[in-house]
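Undergrad: Here's a structure for you.
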């Protein structure tokens, strides 16, 4: 692996991770006042609309951003930048048309899904129609992000995510607050419409960077006036043919050949969440009542999915960064680099995602009640934190599924990915029906984890047939011991703080203090246990990003002093 490639992966991942962390925390922060304003029933309508919108957004772009990133990286790697630009223009045209079509479809057919399928009622229809105009913006934004990703310019993507969430947060809360005076349905619709404003703001950011990059390319072209550059350009054009010969019809054929499997893989997590919000009320209303089942949708979608989404942020960033690098290496038949990148990205994903999984799973109760307050029912109070903890624990396998799938995507192994997704979704559906009838909401959550476990195992098995790589090897036993020790000590500490750490007369403040103590204790244990069990060695640390190196170094010095 060259230093440039290594730096590109680390730099791109760090940019996307920081941006995604900020965006995710803004998203969680947005849910806090919305939960208080809309309560569980209003959040159920909001989540039903948002999950359907998320599915259609992926379908509207047909996976083209990821396919575009892969094709742009490959074309530029073999010296055909003019073809990369032609592909980009074709993708932009598709995004504009697809966005308009999907906006109309989402608005017209909103009542069928929101009321007839999900049983969310008229409020869910209002929320779905309110967010429909966002489809005009996000396909175009996604295409532009895919292009920047293919050229390994991650800063525009990161900044646009943050700007989108800032505008979404402000407008969602403000519109929900003022429109609640009309009705709960209008308040939910106002919260949904915040996504439209966020989309418009994100598009403005992407357009700014697109214009800036175009000017930079023009300046580079003007400066390349030497005889050598002229000869290279001439040879390239004589070998590849004129730009006009790359017809849009051929481009779309190549894009869709790649993008259809990509969309199947990319939509997996959102589809799983959509299955949950669609099935909870029909499956559980006879057992707990329609009102309580609706509140469970609000708890799972408004609270649990928000917190469980935090640990996977780095995995998503790693996936976005590694796809163009794997694609470029694989197109050069450099299987050694592909194997090295696979080892690196899986190790980083697991070791960096695990502490967040442990922290949130162990501190689920104080985090839930500090951030969102008590659930609206005794059933929710008794089960809400456990739902959050269980869903977050399953996110560990989502991390493995996401990163291993991204490597397969970069290698062009699309057919296996489609099969793995189909098997995983089948496991999810069967598990939800069977386990949901047996253990209620917990069966539905467990079936989500089983889906990700099966997909992860299938992805890893397919990868091993293609390239040589290692994940943890003999150190897996040490990692399992680390998890068991931290879980035992962490849950013990959580019980003690919940029972005895009540320093103030204010409930929310006590929960906040408990959350800080448990999160800090669990996070501090993690690097210590990794070194005690020798899961992480000095050689491993030298390949980690500098912030991780500093954290482990400080922990090591503390251990030597003690």
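Undergrad: If I filter region 251-259 for residues that are surrounded by 24 or more Cβ atoms within 10 Å (Cβ to Cβ) and modelled with pLDDT under 80, do I get at least one hit?
TA: Yes, there is a match, as at least one residue in region 251-259 is surrounded by 24 or more Cβ atoms within 10 Å (Cβ to Cβ) and modelled with pLDDT under 80.
Undergrad: So, of the residues in region 532-549 that are more than 13 Å from residue 477 (Cα to Cα) and modelled with pLDDT of 65 or more, which turns out to be surrounded by the most Cβ atoms within 10 Å (Cβ to Cβ)?
TA: Restricting to residues being more than 13 Å from residue 477 (Cα to Cα) and modelled with pLDDT of 65 or more, the top hit is 537.
Undergrad: In this structure, is residue 113 surrounded by fewer than 24 Cβ atoms within 10 Å (Cβ to Cβ) and either within 16 Å of residue 252 (Cβ to Cβ) or in contact with a strand residue (DSSP E or B) (Cβ under 8 Å, 6 or more places away or on another chain) (or both)?
TA: It is false that residue 113 is surrounded by fewer than 24 Cβ atoms within 10 Å (Cβ to Cβ) and either within 16 Å of residue 252 (Cβ to Cβ) or in contact with a strand residue (DSSP E or B) (Cβ under 8 Å, 6 or more places away or on another chain) (or both).
Undergrad: Return a yes/no flag: does region 499-509 have any residue that is without any contact (Cβ under 8 Å) to a residue 40 or more places away in the chain and in the same structural domain as residue 330 (by TED's automatic domain parsing).
TA: Looking for residues that are without any contact (Cβ under 8 Å) to a residue 40 or more places away in the chain and in the same structural domain as residue 330 (by TED's automatic domain parsing), one finds none in region 499-509, hence no.
Undergrad: Regarding region 437-451, can at least one residue be identified that is within 22 Å of residue 40 (Cα to Cα) and not in a helix (DSSP H, G or I)?
TA: Taking every residue of region 437-451 in turn, at least one turns out to be within 22 Å of residue 40 (Cα to Cα) and not in a helix (DSSP H, G or I).
Undergrad: Scanning for something over 22 Å from the mean Cα position of the chain (by Cα) and part of a helix (DSSP H, G or I), does region 140-148 turn up at least one residue?
TA: The answer is no; no qualifying residue exists.
Undergrad: Can you name every residue in region 421-450 that is touching a residue at least 60 places away in the same chain (Cβ under 8 Å) and buried (at least 20 other Cβ atoms within 10 Å of the Cβ)?
TA: 421, 424, 428, 432, 436, 441, 444, 445, 448
Undergrad: Tally time: how many residues in region 371-388 are in a helix (DSSP H, G or I) and in contact (Cβ under 8 Å) with a residue 12 or more places away in the chain?
TA: So the answer is 9.
Undergrad: Here is a further query. For region 389-420, what are the residues that are more than 17 Å from the chain's Cα centre (by Cα) and part of a helix (DSSP H, G or I)?
TA: 389, 390, 408, 410, 414, 415, 416, 417, 418, 419, 420
Undergrad: While we're looking at this one, here's another question. Going by what's in this entry, would residue 291 be described as surrounded by fewer than 24 Cβ atoms within 10 Å (Cβ to Cβ), over 26 Å from residue 42 (Cβ atoms) and either in contact with a helix residue (DSSP H, G or I) (Cβ under 7 Å, 6 or more places away or on another chain) or not assigned by TED's automatic domain parsing to the domain that holds residue 497 (or both)?
TA: The answer is no for residue 291.
Undergrad: Output the residue which, of all residues in region 405-420 that are at pLDDT below 90 and buried (at least 22 other Cβ atoms within 10 Å of the Cβ), is nearest to residue 382 (Cα to Cα).
TA: Within region 405-420, the match that is nearest to residue 382 (Cα to Cα) is 405.
Undergrad: For residues that are in contact with a helix residue (DSSP H, G or I) (Cβ under 7 Å, 6 or more places away or on another chain) and not in a helix (DSSP H, G or I), scanning just region 154-195, find the one that is modelled with the lowest pLDDT.
TA: Once the filter is applied, the top-ranked residue is 154.
Undergrad: Looking at (1) in a helix (DSSP H, G or I); (2) modelled with pLDDT under 85; (3) over 16 Å from the mean Cα position of the chain (by Cα), which is the only condition residue 315 fails?
TA: (3)
The values are calculated or read from the model by the stated rules, or taken from the named source; none is laboratory data. All figures in this text were calculated on a predicted structure; none of them were measured in a lab. Quick reminder, even Gly has a Cβ in these numbers, built from the backbone with ideal geometry, and neighbours come from all protein chains shown.
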